[in-house]
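See structure below.
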Amino acid sequence: MVEGGLEVSIAVFASGSGSNFEVLVEKSREQAWPQEIALLVCDKPGAGVLERAERLGVPAYVFAPAQYPDKAAYEQDVLQLLRKYDVEWIVLAGYMRLIGPTLLEQYPWRILNIHPSLLPAFQGKDAIQRALEYGVRWTGVTVHFVDEGMDTGPIIEQKPVLVEPGDTLESLQKKVHFVEHHMYPAVIRKLLTGQLIPPRDR
Ligand code: GRF
């Protein structure tokens with residue numbers, strides 16, 4: 001954590017188990033990294049990530065999008081919350097929902113996603129399982145900027161993962177997550193320290 005209140009405020013959005021969320025929080029606390037995970041936004045009551053947020057002492061906000069008339073109304077509420085925390089970047093980590101124009105317009109080139117495949121292969125759900133079933137020799141991890149599509153935004157960084165004979169869904173998931181947990185904090189750090197420049201800032 002950087003002294004003097006210079007951290008960039010980040011919101012993590014997650015719907016699932018939250019292993020990436022946990023790593024991001026730990027990294028941001030362990031080292032002199034310029035980001036603070038200010039809050040968690042979760043759209044799934046009961047998701048495992050909420051237990052992690054509580055244990056780590058990160059404020060967590062649970063939304064029920066189905067109770068809103070539409071995505072814009074839901075995202076408007078989320079936006080109010082982000083403003084309270086002066087959030088500058090949104091980091092998706094297993095957030096199972098497309099981001100709509102309300103948030104995209106407020107955070108141009110400031111929303112990131114991590115996906116467990118070498119995009120554009122295996123966009124969408126169950127990417128690891130589908131890669132295994134397809135029989136690819138290499139799969140991997142992609143970090144990309146978020147646009148209105150499903151895993152379609154501009155790619156920032158990719159890392160390969162070898163699919164070995166005898167790999168199961170479980171073993172391949174383990175390898176992919178291992179890569180994710182190193183890659184995501186590193187890419188975010190590069191973006192926040194200017195080692196990677198988003199196109200809109202070039
Ligand atoms: C990760 O594999 C990520 O790439 C994908 O969703 C998964 C989230 O895992 N978008 P976790 O909840 O962080 O453990």
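Observations on the model:
- Number of the condition not met by residue 29 [criteria: (1) of a type in the set (D, E, K, R); (2) within 16 Å of the ligand (Cβ to nearest atom); (3) modelled with pLDDT under 95]: (2)
- Residue match in segment 126-141 (condition: in a loop (DSSP other than H, G, I, E, B), surrounded by fewer than 17 Cβ atoms within 10 Å (Cβ to Cβ) and in contact with a Pro (Cβ under 9 Å, 6 or more places away or on another chain)): no
- Residue within segment 107-118 that is within 16 Å of the ligand (Cβ to nearest atom), of a type in the set (A, V, I, L, M), touching a residue at least 60 places away in the same chain (Cβ under 8 Å) and under 20 Å from residue 25 (Cα atoms) present: yes
- Condition check for residue 121: within 22 Å of residue 33 (Cβ to Cβ) and away from the ligand (no atom under 13 Å from the Cβ): no
- Residue 63 satisfies every condition listed in (1) modelled with pLDDT of 95 or more; (2) more than 16 Å from the ligand (Cβ to nearest atom); (3) out of contact with any Cys (no Cβ under 8 Å at 6 or more places or on another chain) except (3).
- Residue 97 vs. criteria free of Cβ contacts under 8 Å to residues at least 24 places away in the same chain, over 21 Å from residue 199 (Cβ atoms), within 15 Å of the ligand (Cβ to nearest atom) and not aliphatic (A, V, I, L, M): no
- Single residue of segment 160-173 satisfying the filter (more than 22 Å from the chain's Cα centre (by Cα) and of a type in the set (A, V, I, L, M)) that is surrounded by the fewest Cβ atoms within 10 Å (Cβ to Cβ): 162
- Neighbours by Cβ (under 9 Å, 6+ apart or cross-chain): first from segment 168-180, more than 8 Å from the ligand (Cβ to nearest atom); second of a type in the set (Gly, Ala, Ser) and part of a helix (DSSP H, G or I): 172/131
- From 178, 145, residue being exposed (fewer than 14 other Cβ atoms within 10 Å of the Cβ), within 19 Å of residue 24 (Cβ to Cβ) and within 17 Å of the chain's Cα centre (by Cα): 178
- Boolean, residue 55 is without any contact (Cβ under 8 Å) to a residue 24 or more places away in the chain, within 15 Å of the ligand (Cβ to nearest atom) and either more than 19 Å from residue 184 (Cα to Cα) or in contact with a helix residue (DSSP H, G or I) (Cβ under 9 Å, 6 or more places away or on another chain) (or both): yes
- Filtering segment 124-150 to residues that are within 12 Å of the ligand (Cβ to nearest atom), basic (Lys, Arg) and free of Cβ contacts under 8 Å to residues at least 24 places away in the same chain leaves nothing.
- Inclusion of residue 157 among residues that are among the acidic types (Asp, Glu) and surrounded by 20 or more Cβ atoms within 10 Å (Cβ to Cβ) is not warranted.
- Of everything in segment 160-177 that is of a type in the set (A, V, I, L, M) and assigned to a helix (DSSP H, G or I), the residue that is nearest to residue 140 (Cα to Cα) is 176.
- In the set 98, 82, 112, only one residue is closer than 22 Å to residue 37 by Cα, modelled with pLDDT of 95 or more and touching a His at 6+ places or on another chain (Cβ under 9 Å); that residue is 112.
The values are calculated or read from the model by the stated rules, or taken from the named source; none is laboratory data. Please read these numbers as outputs of a predicted model, since none were measured by experiment. Cβ atoms come from the backbone with ideal geometry, glycine included; neighbour counts cover every protein chain shown.
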